[in-house]
Structures are given as structure tokens and as C-alpha cells.
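Here is the structure we will look at, set down as C-alpha cells.
The values are calculated or read from the model by the stated rules, or taken from the named source; none is laboratory data. Since the model is a prediction, treat every value here as computed from it, not as a measurement. Glycine also receives a Cβ, built like all others from the backbone with ideal geometry; neighbour counts cover every protein chain displayed. Areas reflect the complete protein model, heavy atoms only, side chains present, ligands, DNA and RNA absent. Shrake-Rupley method; radii C 1.70, N 1.55, O 1.52, S 1.80 Å.
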Amino acid sequence: MTILVTGGAGFIGSNFVIDWLRQCDEPVVTLDALTYAGNLANLSELSGDARHRFVRGSIGDAPLVDRVLRQNTVRAVVNFAAESHVDRSISGPAPFFETNVMGTLSLLEAVRAYHGTLSGDARAEFRLLHVSTDEVYGTLAPDEAAFAESNPYRPNSPYAASKAASDHLVRAYHETYGLPVLVTNCSNNYGPFQFPEKLIPLVINNALAGKPLPIYGDGRQVRDWLHVADHCTAIRRVLEAASPGATYNIGGDNQMPNIEVVRMICALLDARHPRGDGKSYAGQITFVTDRPGHDRRYAIDARRIAAELGWRPAVRFAEGLAATVDWYLDNRSWVADVTSGAYRDWIARQYG
Ligand code: NAD
Ligand code: DAU
């Protein structure tokens with residue numbers, strides 16, 4: 001049997017594929033469109049590994065997805081493929097709806113047709129796991145209870161609205177067609193291979209380049225940070241043990257204001273890679289205009305996945321962040337490769 005991982009050349013997808021093949025020998029087919037955020041170098045440790053096959057293509061290409069499913073006797077699909085950056089969704093929402101909504105719809109149709117050809121155990125055991133976000137729940141006040149799976153969807157950015165729409169489609173395919181789907185809604189990830197448009201790698205990259213560290217608004221917005229390795233173990237666990245139709249929130253139980261995260265990164269860099277002038281990287285912190293519609297606080301109530309599936313995060317934030325800073329220091333050529341001309345154009349447009 002084989003699993004199909006869509007979006008497996010991106011940040012979380014590549015961590016998932018590598019982790020999967022470290023844990024077991026079940027083959028993986030990675031399907032990825034290789035947008036600006038997808039990078040084959042993320043999967044370089046698998047080159048020559050017969051258990052892994054890469055197919056370049058879109059989840060929106062139903063004939064291609066259909067072929068990949070049939071030719072590989074796929075027993076599960078894990079869908080990471082998406083446009084994922086909130087700021088990009090604000091400056092240009094259309095690709096988010098093309099990929100996250102219409103792409104997911106097309107993937108669902110291809111998977112539904114394939115599932116219809118299965119019988120017996122293969123049909124009973126087939127799963128489609130759709131990877132989603134806590135942003136579908138909107139924003140929390142400082143003293144409000146963390147997001148539970150029963151919270152209403154109140155997306156505030158075009159990105160969150162597109163992910164919410166995709167979650168609804170996945171749910172509808174379960175209710176209407178009996179497709180055996182699973183949905184996970186996770187909080188902010190960090191770790192190796194994260195594209196340097198997101199807060200943590202952007203700050204590390206800018207610090208080392210002597211550039212400003214842009215903090216939106218007052219920097220007191222709170223995110224619930226989870227190491228990507230913990231997200232991967234949670235997805236594996238949901239895939240192996242959850243009942244069709246189930247949804248699980250996944251989080252780090254680790255709420256931090258952005259400004260504190262950035263100060264921690266500066267302190268880690270001060271110790272590991274001091275500035276030439278002996279001053280702290282914190283001197284590069286610059287408060288800039290806030291993100292429109294910026295959600296103030298996210299926090300995940302992960303009691304369901306803990307109680308039903310026994311999953312809990314294992315990586316402590318201080319250690320995970322230090323390891324992440326070390327990874328970016330050790331992999332400056334990876335950063336140089338992915339920060340191509342297209343990346344520089346984005347940074348120029350976004351930060352002026
Ligand atoms: P990413 O932007 O790093 O990677 C997305 C990948 O999808 C890229 O490799 C890209 O090439 C690929 N892709 C884009 N459009 C495609 C298409 N039409 N067909 C096939 N591949 C396509 O994103 P990420 O941070 O790894 O996030 C992965 C998933 O997890 C997304 O669905 C995102 O919404 C979700 N998520 C992310 C976080 C986070 O903190 N990063 C948290 C919760 C959920
Ligand atoms: O919560 C899960 C979500 O986390 C995922 O669904 C998204 O795919 C992922 O991108 C992430 O969304 P955020 O918007 O929370 O992540 P980002 O790294 O863009 O920003 C984190 C926080 O830092 C947020 O409050 C905005 C702020 N920020 C971000 C950037 C890029 C800044 O203050 N300055 C910046 O330059």
C-alpha cells in the first residue's frame with residue numbers, strides 16, 4: 001500500500017514525508033505543484049530512496065490525481081496542498097480560492113471516484129485526511145476559552161475563509177457521499193524548512209542580514225506555537241486511529257505574544273552568532289503598520305485528541321526554538337536558494 005501526500009514539498013508536508021519514511025517503510029507519493037513555497041530541496045534526503053516518488057502537479061488536476069491514485073493503489077491521502085500565507089491572501093486573494101477551495105473540490109471528486117472503485121478492506125480502511133488551521137475559528141479575546149472543535153467558524157482573513165470553505169467541502173463529502181474523511185485544525189507551526197515569509201524564519205533571516213525585524217501593530221498578538229515534528233506525530237496518530245468524519249484540534253499549549261517570540265530569537269542569535277558590533281539583534285526590532293483584520297489571539301483546546309487518541313505535544317518551545325535557530329544558521333544555503341527573485345519581489349511589496 002501507499003500513501004499520497006499532496007503539498008509534500010512545502011514546510012509541513014516535507015517534514016511529514018521525511019518523518020513518515022523514518023518511521024516505516026510504507027511508500028509515499030508526493031504530489032506538489034511546486035509553487036514559490038514548494039521546494040524539492042526539502043526532500044533531498046529522499047533522493048534515490050525507492051520508497052518515495054515525486055509527481056509535479058496540482059490537486060486541481062483531477063485526471064492526474066486519478067492516475068496517481070490508481071497506479072499506486074493509494075490507501076490514504078494526506079492533503080497539505082494550499083496557499084498558506086495570510087499576508088499574501090490579503091494582497092491577492094484569488095489564488096487562495098483557486099487552490100484551497102477549487103483545488104480541494106477537485107481533489108475530493110477524484111478521491112470520491114477512486115474510493116468508489118475500492119471494495120472490501122481497501123474500501124473500509126481508506127482515508128482522506130485534510131490538514132487545516134485554527135484560523136477558521138477567528139479570533140479570541142484575552143480571557144476567552146481556547147478554540148474547541150465545537151466552536152463556530154468565523155474566519156477573518158481571505159486565507160482563513162478559503163480554508164474554512166475547504167473544511168466545509170470535506171465535511172460535506174463525508175455527510176453526502178460517505179467519503180471517509182478526517183480534518184485536523186492546527187495552530188502555528190515552526191521548525192526546519194519553513195519558508196522565510198512566516199514570522200519565525202523571517203525574523204531569523206532578517207536579523208542575520210542586518211535588516212529590520214518587522215513587528216505588526218503592538219506585537220501583543222498571541223499565537224499557540226507547535227513544533228512541526230509534533231504536528232506530524234499528531235497527523236500520523238489521527239490517520240491510524242480516528243473514525244471517519246472526525247475532526248481534531250492540534251496545538252502546542254504554548255501561547256506567546258509575537259514580541260516575546262521575536263525577543264527570544266534575538267537572544268538565541270546573540271548567544272550563537274553575535275553581531276559584529278557586539279549589540280543585540282533586538283536593536284533591529286521595528287514596529288510597522290498592523291496587518292488588516294489581524295486576529296488578536298489564537299489558542300487551541302487539544303483535549304479531544306489527548307483523550308481519544310493519546311496525543312500530546314512533546315517539544316518544549318524554548319528547546320524547539322533554539323533547535324530551529326540552529327537549523328537556519330546551519331542551512332543558510334537552503335535559505336539563499338528559496339529566497340529567489342520572486343521572494344525578493346514579495347518582501348519589497350510587503351515591507352516597502
Ligand atoms: P506551505 O506554503 O509551506 O506549503 C504548501 C505546499 O503546497 C507547497 O509545497 C506548494 O507548492 C504546494 N501547493 C500549493 N498549491 C498546490 C496545488 N494546487 N497542488 C499541489 N500542491 C500545491 O504551507 P505549510 O505551512 O506547509 O502548510 C501546509 C498545510 O497546513 C496548509 O494546508 C496550511 O493551511 C496548513 N496549516 C499550516 C500551519 C502553519 O503554521 N504553517 C498551521 C496549521 C495548518
Ligand atoms: O494559526 C495557524 C496559521 O499560522 C496557519 O494556518 C498559516 O498557514 C500560517 O501562516 C500561520 O499564520 P499566521 O498569520 O499566524 O503566521 P505568520 O507567521 O504570518 O504570523 C505570525 C504572527 O506574527 C502574526 O500575528 C502576524 C505577526 N507577524 C508576521 C509577519 C510575517 C509580524 O508581526 N510581522 C511579520 O513580518
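Whether any residue in the range 136-155 is part of a helix (DSSP H, G or I), open to solvent by less than 50 Å² (accessible area, probe 1.4 Å) and at pLDDT 95 or above is what I want to check.
The answer is yes; a qualifying residue exists.
Check off (1) part of a helix (DSSP H, G or I); (2) surrounded by fewer than 19 Cβ atoms within 10 Å (Cβ to Cβ) for H115 and give me the number that stays unchecked.
(2)
Take the residues in the range 118-135 that are out of contact with any strand residue (DSSP E or B) (no Cβ under 8 Å at 6 or more places or on another chain) and in a helix (DSSP H, G or I); name whichever of them is nearest to T184 (Cα to Cα).
Among those that are out of contact with any strand residue (DSSP E or B) (no Cβ under 8 Å at 6 or more places or on another chain) and in a helix (DSSP H, G or I), it is E135.
Conditions: (1) under 20 Å from H130 (Cα atoms); (2) touching a Leu at 6+ places or on another chain (Cβ under 6 Å); (3) surrounded by 21 or more Cβ atoms within 10 Å (Cβ to Cβ). A207 meets all but one. Number of the miss?
A207 satisfies all of (1) under 20 Å from H130 (Cα atoms); (2) touching a Leu at 6+ places or on another chain (Cβ under 6 Å); (3) surrounded by 21 or more Cβ atoms within 10 Å (Cβ to Cβ) except (1).
Looking only at the range 169-215, how many residues end up being within 16 Å of ligand 1 (Cβ to nearest atom) and either in contact with a His (Cβ under 6 Å, 6 or more places away or on another chain) or of a type outside the set (K, R) (or both)?
Residues meeting the conditions: 26.
List the number of the failed condition for L128; all other conditions in (1) more than 16 Å from ligand 2 (Cβ to nearest atom); (2) open to solvent by 50 Å² or more (accessible area, probe 1.4 Å) hold.
(2)
For (1) crowded, with 17+ Cβ neighbours inside 10 Å; (2) at positive phi; (3) under 21 Å from the mean Cα position of the chain (by Cα), each residue gets a yes or a no:
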| site | (1), (2), (3) |
| --- | --- |
| S14 | yes, no, yes |
| L34 | no, yes, yes |
| A37 | yes, no, yes |
| D49 | no, no, no |
| A62 | yes, no, no |
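What's the number of the only condition in (1) open to solvent by 80 Å² or more (accessible area, probe 1.4 Å); (2) more than 15 Å from ligand 1 (Cβ to nearest atom); (3) more than 15 Å from L202 (Cβ to Cβ); (4) of a type outside the set (S, T, N, Q) that D337 fails to meet?
Just one mismatch for D337, condition (2).
Does N100 meet the test of being part of a helix (DSSP H, G or I) and closer than 18 Å to S166 by Cα?
yes
Please enumerate the residues belonging to the range 78-111 that are more than 9 Å from ligand 1 (Cβ to nearest atom), open to solvent by less than 50 Å² (accessible area, probe 1.4 Å) and not polar (S, T, N, Q).
Result: V78, V86, D87, R88, G92, F96, V101, L108, A110, V111.
If I go through the range 156-173 residue by residue, how many of them are within 15 Å of ligand 2 (Cβ to nearest atom) and either open to solvent by 40 Å² or more (accessible area, probe 1.4 Å) or not in a helix (DSSP H, G or I) (or both)?
Going through the range 156-173 one residue at a time, the tally reaches 2.
Sort out which residues of the range 223-277 are open to solvent by 50 Å² or more (accessible area, probe 1.4 Å) and within 19 Å of F147 (Cβ to Cβ), and write them in order of number.
Those that are open to solvent by 50 Å² or more (accessible area, probe 1.4 Å) and within 19 Å of F147 (Cβ to Cβ): D253, Q255.
Could you check how many residues of the range 289-322 are in contact (Cβ under 8 Å) with a residue 24 or more places away in the chain, of a type in the set (A, V, I, L, M) and open to solvent by 50 Å² or more (accessible area, probe 1.4 Å)?
3
Kindly list the number of the only condition in (1) more than 24 Å from A336 (Cα to Cα); (2) touching a Lys or Arg at 6+ places or on another chain (Cβ under 8 Å); (3) surrounded by 23 or more Cβ atoms within 10 Å (Cβ to Cβ) that fails for V5.
For V5, the failing item is (2).
Would you tally the residues in the range 45-97 being part of a helix (DSSP H, G or I), among the small types (G, A, S) and in contact (Cβ under 8 Å) with a residue 24 or more places away in the chain?
3
Is it true that S58 is closer than 24 Å to Y159 by Cβ and within 15 Å of ligand 1 (Cβ to nearest atom)?
Spelling it out, S58 is indeed closer than 24 Å to Y159 by Cβ and within 15 Å of ligand 1 (Cβ to nearest atom).
When you scan the range 174-185, do you find a residue that is among the small types (G, A, S) and either within 15 Å of the chain's Cα centre (by Cα) or assigned to a helix (DSSP H, G or I) (or both), even just one?
The answer is no; no qualifying residue exists.
Which count do you get for residues in the range 205-230 that are away from ligand 2 (no atom under 12 Å from the Cβ), outside any helix (DSSP H, G or I) and under 22 Å from the mean Cα position of the chain (by Cα)?
Count: 1.
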